[in-house]
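To start, the structure under review is shown below, and the notes come after it.
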Amino acid sequence: MSEGERLTELAKRRGFYFPSASAYGGASGFWTYGPQGAALKSNVEDAWRDRYVVKEGHQEISAPTVMPEPVFEASGHLDGFDDMIVECGECGATHRADHVVEDATDIEEAESLPNEEVMDLIADHGIECPSCGASLAGEPVENFNLMFETNIGPGTSSPGYLRPETAQGIFVEFPQLSEYARNQLPFGVAQIGKAYRNEISPRKSLVRVREFTQAELEHFVDPEEDEPPLDEVADVTVPLYSAAEQQAEDGGQRDLTVREAVDEGVVASEWVAYYLGVSKRWYERIGVDMDRFRYRQHLAGERAHYASDCWDAESEVDGDWIEITGFAYRGDYDLSKHAEHSGEDFTVFKQYDEPITVERATVDPDMSYLGPEFGGDAQRVADALEALAERDPSAFDADEVTVEIDDESYTVPVEQTNFSVDEVTESGEHVRPHVVEPSFGVGRIIYTVLAHAYETDEVDGEERTYLSLPPEQAPTTVGVFPLMDKDGMDDLAREIAGDLRSAGLAVTYDDSGAIGRRYRRQDEVGTPYCVTVDYEALEEGTVTVRERDTTEQKRLPVDGLAETLEQLSTGDRTFDDL
Ligand code: AMP
């Protein structure tokens, strides 16, 4: 069994996650988180919220998952959010064209190649349909839009789409959100929620699914003035696999501090570098194995339509690197597009310390001249003259001035434009913020954390499987067992379980089967501590506390047990100290 298969087997058996609606045959790419998985997921989300919202001082919102078509026209998703698809001429199965190439060759990022090249590679390598084995040579490689379409209300007049990323729900509300932030840059808005992509070939359980949870932060910054608090993470060492290294013959990962990465220009944006540093620590905290982790820069052809520089956090499972988070410097792409398409103001007004006097070129075109001259185009010509005066006042130095509208030229005598340059006093300016975005896939992080926590050893001559999850992430913090379901041990155990729950710990009570089996069950779901109530507990008021990874046991007083377990689980005390 591969690492991934082993994990999926454990995940189903122990209630982390399993395919949805299997009673009806299921639908590929949809998974349900069971009791353990849902608890783990919410712990990961809480840890994310703690780091990226609370500690950063950002705000969180919750936007709808369905949004109307114009949002995605503006964002570029309608036109550009495509994957490459190839259909088998024999059995009709559809596949990600770049993936079949990657699986059959040693090419790593086929996604960055043009469709025709991928089609040629399929032919040159004699690649066959993964479903039926027929040759895929000559089959067209086309673009397939990944958004799920729906109708808003009855009829088809108002198309909508399930959001393919949570980010758009933040961008479209920028004017409001900016007001809430008192129009003061920088500010960040975060969201944890579902995103939907109609993936061509879902695979590897939680890794490529059609409905998944994203945790995204959109950090709006003034590109001219704002700087990240780089000193806070300057010494964090980050494993970087840059585009240049990927393309070099003997290139490889380089471990640099965040400061070195910025000084050497390996990471172009200080903001992106800041979040790479913050996130490296966060991944460590939640249990990603740092020996199986790297940041990989996107190759030019791989970058999303909006990103000017992009790095992915990648984890290794089963020898494959999985993108778990994308860090993108999105510039002002999103806010400009939404401003252009909606006609609303997507800027922040930045007040100067003192008002300043500037020269401003303006026009006041004579419409009684433009009207007869240009008919229905007159207003557009007037607008174009106004924009030109702002952009390039020197264009009005000659006797005539020409503007281009939709490839057509319109020439106007300058005297008819009433061009003038005046001194005006300005109290501030409109700034279009730039956006830095860390975008986390919660499911892929859970998959990674589970895969990296999966351990086996031998206990009492038997093989044992356990998940070495950090206590903060473990679905259950404490398992409470009565040694036997009699003589008051059960009553005391229930009382202890109740007290621990009241103290805020996640507790499982288990009285079924031999004690060894109960330990194994908790080991397999990563419960860091188990408390057993035996006869001595009744007489002495002490219980045994067992630690998961070492299986070591200690006797501790029932008095103060909740506090001790709390300290152990937050790392304030170690088991050895007890
Ligand atoms: P992207 O917008 O493609 O950079 O995606 C942001 C993050 O969402 C990725 O880093 C993944 O962790 C996650 N993600 C994207 N697509 C999927 C998918 N089909 N299934 C699960 N997670 C995904």
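The table for this structure:
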{"item": "Single residue of Val101, Val189 found to be more than 30 Å from Glu218 (Cβ to Cβ) and β-branched (Val, Ile, Thr)", "result": "Val101"}
{"item": "Residue in region 542-552 that is crowded, with 21+ Cβ neighbours inside 10 Å, modelled with pLDDT of 95 or more and farther than 30 Å from Tyr447 by Cα present", "result": "yes"}
{"item": "In region 1-36, residue nearest to Glu316 (Cα to Cα) [restricted to those that are open to solvent by less than 20 Å² (accessible area, probe 1.4 Å) and away from the ligand (no atom under 16 Å from the Cβ)]", "result": "Leu10"}
{"item": "Members of region 20-35 that are more than 22 Å from the chain's Cα centre (by Cα) and not in a loop (DSSP other than H, G, I, E, B)", "result": "Ser22, Ala23, Tyr24, Pro35"}
{"item": "Residue that is farthest from the ligand (Cβ to nearest atom) [pool: residues in region 216-232 that are open to solvent by 50 Å² or more (accessible area, probe 1.4 Å) and assigned to a helix (DSSP H, G or I)]", "result": "Asp231"}
{"item": "Total residues in region 524-578, condition closer than 16 Å to Leu469 by Cα, hydrophobic (A, V, I, L, M, F, W, C) and in a helix (DSSP H, G or I)", "result": "3"}
{"item": "Residue among Ala243, Ala215 that is in contact with a Ser or Thr (Cβ under 9 Å, 6 or more places away or on another chain) and over 15 Å from Ala27 (Cα atoms)", "result": "Ala215"}
{"item": "Members of region 396-431 that are buried (at least 17 other Cβ atoms within 10 Å of the Cβ), touching a helix residue (DSSP H, G or I) at 6+ places or on another chain (Cβ under 8 Å) and either in a strand (DSSP E or B) or not aromatic (Phe, Trp, Tyr) (or both)", "result": "Val401, Val403, Tyr410, Val412, Gln416, Thr417"}
{"item": "Residue within region 187-201 that is acidic (Asp, Glu), away from the ligand (no atom under 16 Å from the Cβ) and assigned to a loop (DSSP other than H, G, I, E, B) present", "result": "no"}
{"item": "Of residues in region 337-374 being open to solvent by less than 30 Å² (accessible area, probe 1.4 Å) and more than 30 Å from Thr402 (Cβ to Cβ), the one nearest to the ligand (Cβ to nearest atom)", "result": "His338"}
{"item": "Per-region count, region 65-96, residues among the small types (Gly, Ala, Ser), open to solvent by less than 40 Å² (accessible area, probe 1.4 Å) and not in a helix (DSSP H, G or I)", "result": "3"}
{"item": "Flag for Thr213 being touching a residue at least 12 places away in the same chain (Cβ under 8 Å), open to solvent by less than 50 Å² (accessible area, probe 1.4 Å) and among the polar types (S, T, N, Q)", "result": "yes"}
{"item": "Residue match in region 249-264 (condition: over 17 Å from Ala313 (Cα atoms), open to solvent by less than 80 Å² (accessible area, probe 1.4 Å), at pLDDT below 95 and not aliphatic (A, V, I, L, M))", "result": "yes"}
{"item": "Qualifying positions in region 432-482 - open to solvent by 40 Å² or more (accessible area, probe 1.4 Å), away from the ligand (no atom under 14 Å from the Cβ) and under 20 Å from Pro35 (Cα atoms)", "result": "Glu472"}
{"item": "Residue, farthest from the ligand (Cβ to nearest atom), within region 233-248, restricted to residues that are out of contact with any Phe, Trp or Tyr (no Cβ under 8 Å at 6 or more places or on another chain) and not small (Gly, Ala, Ser)", "result": "Asp235"}
{"item": "Cβ-Cβ under 9 Å pairs, at least 6 apart or on other chains, region 90-107 side touching a residue at least 40 places away in the same chain (Cβ under 8 Å) and closer than 12 Å to Glu139 by Cα, far side among the polar types (S, T, N, Q) and in a helix (DSSP H, G or I)", "result": "Ala97/Asn115"}
{"item": "Residue that is touching an Asp or Glu at 6+ places or on another chain (Cβ under 6 Å) and under 30 Å from Glu69 (Cβ atoms), where the choices are Glu314, Glu302, Glu344", "result": "Glu302"}
{"item": "The lone exception for Asp46 - which of (1) in contact (Cβ under 8 Å) with a residue 12 or more places away in the chain; (2) in a helix (DSSP H, G or I) it fails", "result": "(1)"}
{"item": "Residue list for region 319-336, filter: open to solvent by 20 Å² or more (accessible area, probe 1.4 Å) and within 16 Å of the ligand (Cβ to nearest atom)", "result": "Asp320, Trp321, Glu323, Tyr329, Tyr333"}
{"item": "Residue in region 298-313 that is away from the ligand (no atom under 11 Å from the Cβ), at pLDDT 95 or above and either buried (at least 20 other Cβ atoms within 10 Å of the Cβ) or under 23 Å from Met1 (Cα atoms) (or both) present", "result": "no"}
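The values are calculated or read from the model by the stated rules, or taken from the named source; none is laboratory data. Small disclaimer: the values here were computed from a predicted structure and weren't measured. Note: ideal-geometry Cβ built from the backbone for every residue, glycine included; neighbour counts use all protein chains shown. To get the accessible areas, we keep the full protein, side chains included, count just its heavy atoms, and leave off ligands, DNA and RNA. Shrake-Rupley method; radii C 1.70, N 1.55, O 1.52, S 1.80 Å.
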